[in-house]
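Asks: Pasting in a structure now, in C-alpha cells, and then I'll have a few things to ask.
The values are calculated or read from the model by the stated rules, or taken from the named source; none is laboratory data. Because the structure is predicted, anything quoted here is derived from the model rather than measured. Glycine gets a Cβ as well: all are built from the backbone with ideal geometry, and neighbour counts include every protein chain shown. What goes into the accessible areas is simple: the full protein's heavy atoms, side chains included, and nothing from ligands, DNA or RNA. Shrake-Rupley method; radii C 1.70, N 1.55, O 1.52, S 1.80 Å.
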Amino acid sequence: MRVFSGIQPTGETHIGNYLGAIKQWVKLQEKHECIFCIVDLHSLTVPYPVGELQKRIKEKTIAYIAAGVDPKKSIIFVQSQVKEHTELTWLLSTVTPLGDLQRMTQYKEKAEKYKKNINAGLLNYPILMAADILLYQTDIVPVGKDQAQHVELTREIARRFNKKFGETFKIPKALLPKAGAKIMSLVKPNKKMSKTDNPQSYIGLFDAPEAIKRKIMAAQTDSEKEIKYDISQKPGISNLLTIYSLFSDISVKKIEKQFKDKGYQFFKEKLAQLLIEKLEPFRRKKKELELRSGYLEKILTEGRKRAQIIAQETMKKVKQKMGL
Ligand code: AMP
Ligand code: TRP
C-alpha cells in the first residue's frame with residue numbers, strides 16, 4: 001500500500017497537526033511505502049512573506065523528522081521541485097466541475113477570510129491536492145478531519161477521469177485518526193486549532209516548557225468543576241481530555257476517574273507536565289537538526305529524485321490516455 005500526505009509550509013507545526021496527521025504517518029511508515037510532501041505551492045494561495053518561504057520549508061522538514069518521520073523509510077520532498085504536480089493539476093482541472101470547487105468548505109472559509117485576495121488558486125487548491133495524491137497512485141491519505149472533503153473530491157475526480165479516459169488512477173482513501181482528527185483551539189474550543197490563529201490558541205510542537213504551561217493554564221474551560229467529557233456542553237475540558245488521552249495513551253474514561261474531584265487547575269497542571277515531557281524529545285531533535293543543513297538538503301534531494309520517478313511514470317500514462 002502506498003501512503004501520501006502533506007502539510008503547507010505556513011506557520012508553526014502544532015499538536016493538532018501532530019495528532020491529526022503526523023502521528024499516523026509515523027506509524028504507517030513501519031508497514032507501508034510512505035511519501036510525505038511539503039506542499040509549498042498550496043501555501044502561495046494566501047498572502048505570505050516571499051523572503052521567508054525557504055526558511056519555512058526548512059522548518060517543516062525539521063518538524064517532520066523531529067516528530068518521527070524517518071527519511072530512511074519515507075520519501076520526504078518539496079512539492080514545487082517535482083513539476084508533474086502542476087502539470088497534472090491543469091489536466092485534472094479539465095474534468096473538475098466548477099460547482100464542486102465552489103462548494104468546498106475550506107474555499108468558502110478562506111474566501112471569507114481573505115476577501116481582498118480571492119485568487120483562482122484558492123478555488124483550484126483541491127485540484128492541486130488531487131494531483132498530489134493521484135500522481136503517486138496512492139492508497140491511503142492520512143489527514144485531519146478538515147481535509148476529508150478534499151480527499152472525497154479527489155476520489156470523485158479520479159473516478160470521473162477513469163470513466164472518461166479509461167482506468168488510470170487508483171482510487172485513494174482518507175484515513176482519519178479515531179480520536180484527534182479535530183483538535184480544538186485552546187482559546188475558542190468551538191473552533192479547530194489553527195496555525196494561522198493567535199499562538200495562545202495552540203501548542204506548538206516545539207514550544208518551550210514555560211509557554212506550554214502558560215497556554216494550558218489559560219485554556220478556556222467552563223465555569224463548572226467536573227472533569228467530564230461532554231463535547232456539546234463542555235467543549236474546552238473535552239478537548240483537553242482528548243489531548244491528555246492521546247499523549248498518555250490512557251483512555252478518556254480512565255482519566256476522568258483519575259481526576260474525579262480534583263478540579264480543573266490540578267488537571268491542567270498535570271496536562272502541562274505531560275506535554276512538556278512528551279514534547280521534549282521533539283525539541284531536542286529539532287535543535288540537533290537545525291545545525292545540519294547539509295543533511296536536510298540531502299534528504300530533500302534524495303526525496304525529490306525518488307518522487308520524480310513515480311510521478312513521471314503516472315504523467316506518461318495520463319498524457320497517453322488523454323491523447324497528448
Ligand atoms: P495544515 O496545517 O492545514 O497544512 O494541515 C496539515 C495537516 O494537519 C492536515 O492533515 C490537517 O487535516 C491536519 N490538521 C490541521 N489542523 C488540525 C487540527 N486542529 N486537528 C487535527 N488535525 C489537524
Ligand atoms: N490541503 C492540505 C492541508 O491544508 C495539505 C495537502 C496538500 C495535502 N496536498 C495534500 C494533504 C495531499 C494530503 C494529501 O492540510
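Asks: Could you please find all residues in the stretch 188-201 being at pLDDT 95 or above, open to solvent by less than 60 Å² (accessible area, probe 1.4 Å), in a loop (DSSP other than H, G, I, E, B) and more than 8 Å from ligand 1 (Cβ to nearest atom)?
Replies: Across the stretch 188-201, the qualifying residue is only P189.
Asks: Identify, by number, the condition in (1) over 30 Å from P49 (Cα atoms); (2) surrounded by fewer than 23 Cβ atoms within 10 Å (Cβ to Cβ); (3) assigned by TED's automatic domain parsing to the domain that holds L101 that T138 doesn't meet.
Replies: (2)
Asks: Between E33, E12, which is in contact with a Lys or Arg (Cβ under 7 Å, 6 or more places away or on another chain), open to solvent by 10 Å² or more (accessible area, probe 1.4 Å) and within 12 Å of ligand 1 (Cβ to nearest atom)? Walk me through how you get there before you give the answer.
Replies: Working: E33 fails: within 12 Å of ligand 1 (Cβ to nearest atom).
Of E33, E12, the one residue that is in contact with a Lys or Arg (Cβ under 7 Å, 6 or more places away or on another chain), open to solvent by 10 Å² or more (accessible area, probe 1.4 Å) and within 12 Å of ligand 1 (Cβ to nearest atom) is E12.
Asks: Which of (1) open to solvent by less than 10 Å² (accessible area, probe 1.4 Å); (2) more than 12 Å from ligand 2 (Cβ to nearest atom); (3) not assigned by TED's automatic domain parsing to the domain that holds E269 is the odd one out, the single condition I212 does not satisfy?
Replies: Every condition holds for I212 apart from (3).
Asks: Being among the aliphatic types (A, V, I, L, M), open to solvent by less than 90 Å² (accessible area, probe 1.4 Å) and more than 30 Å from A66 (Cα to Cα), is that true of even one residue in the stretch 220-234?
Replies: Looking through the stretch 220-234, at least one residue is among the aliphatic types (A, V, I, L, M), open to solvent by less than 90 Å² (accessible area, probe 1.4 Å) and more than 30 Å from A66 (Cα to Cα).
Asks: Another question about this same structure. Out of curiosity, is K73 of a type in the set (K, R) and away from ligand 1 (no atom under 16 Å from the Cβ)? Working first, answer last.
Replies: Working: of a type in the set (K, R): yes; away from ligand 1 (no atom under 16 Å from the Cβ): yes.
Against the criterion (of a type in the set (K, R) and away from ligand 1 (no atom under 16 Å from the Cβ)), K73 qualifies.
Asks: Something else about it: Could you list, in sequence order, the residues of the stretch 116-146 that are within 15 Å of ligand 1 (Cβ to nearest atom) and among the hydroxyl-bearing types (S, T, Y)?
Replies: Listed by number, the residues that qualify are Y125, T138.
Asks: Exactly one of (1) closer than 24 Å to K319 by Cα; (2) within 12 Å of ligand 1 (Cβ to nearest atom) is unmet by G6. Its number?
Replies: Condition (1) is where G6 drops out.
Asks: Would you mind telling me which numbered condition in (1) touching a helix residue (DSSP H, G or I) at 6+ places or on another chain (Cβ under 6 Å); (2) more than 25 Å from M315 (Cβ to Cβ) E84 fails?
Replies: It fails just one condition, (2).
Asks: Could you give me the residue pairs with C-beta distances under 9 Å whose first residue belongs to the stretch 9-36 and is outside the structural domain of R304 (by TED's automatic domain parsing), whose second residue is modelled with pLDDT of 95 or more wherever it lies, and which are 6+ apart or on separate chains?
Replies: Note: no pairs meet the criteria.
Asks: In the stretch 217-236, what residues are more than 14 Å from K188 (Cβ to Cβ) and aliphatic (A, V, I, L, M)?
Replies: Within the stretch 217-236, M217, I227, I231 qualify.
Asks: Moving on. Take the conditions part of a loop (DSSP other than H, G, I, E, B), in the same structural domain as Q106 (by TED's automatic domain parsing), more than 14 Å from ligand 2 (Cβ to nearest atom) and of a type outside the set (S, T, Y) and apply them to E226. Does it pass?
Replies: So E226 does not fit the description; no.
Asks: Would you tally the residues in the stretch 147-177 being open to solvent by 70 Å² or more (accessible area, probe 1.4 Å) and within 9 Å of ligand 1 (Cβ to nearest atom)?
Replies: Total meeting the criteria: 0.
Asks: Which one is nearest to L300 (Cα to Cα), of the residues in the stretch 57-111 that are of a type in the set (S, T, Y) and without any contact (Cβ under 8 Å) to a residue 40 or more places away in the chain?
Replies: Taking the stretch 57-111 as the starting set, the residues that turn out to be of a type in the set (S, T, Y) are 61, 64, 74, 80, 86, 89, 93-94, 96, 105, 107.
Now narrow it down to the ones that are without any contact (Cβ under 8 Å) to a residue 40 or more places away in the chain: 93-94, 107.
Details: S93: 28, T94: 31, Y107: 30 Å.
For the stretch 57-111, the residue satisfying everything is S93.
Asks: Follow-up question, since we're still on this one. Name the residues in the stretch 14-47 that are among the β-branched types (V, I, T) and over 12 Å from the mean Cα position of the chain (by Cα), would you?
Replies: Answer for the stretch 14-47, where residues must be among the β-branched types (V, I, T) and over 12 Å from the mean Cα position of the chain (by Cα): V26, I35, T45, V46.
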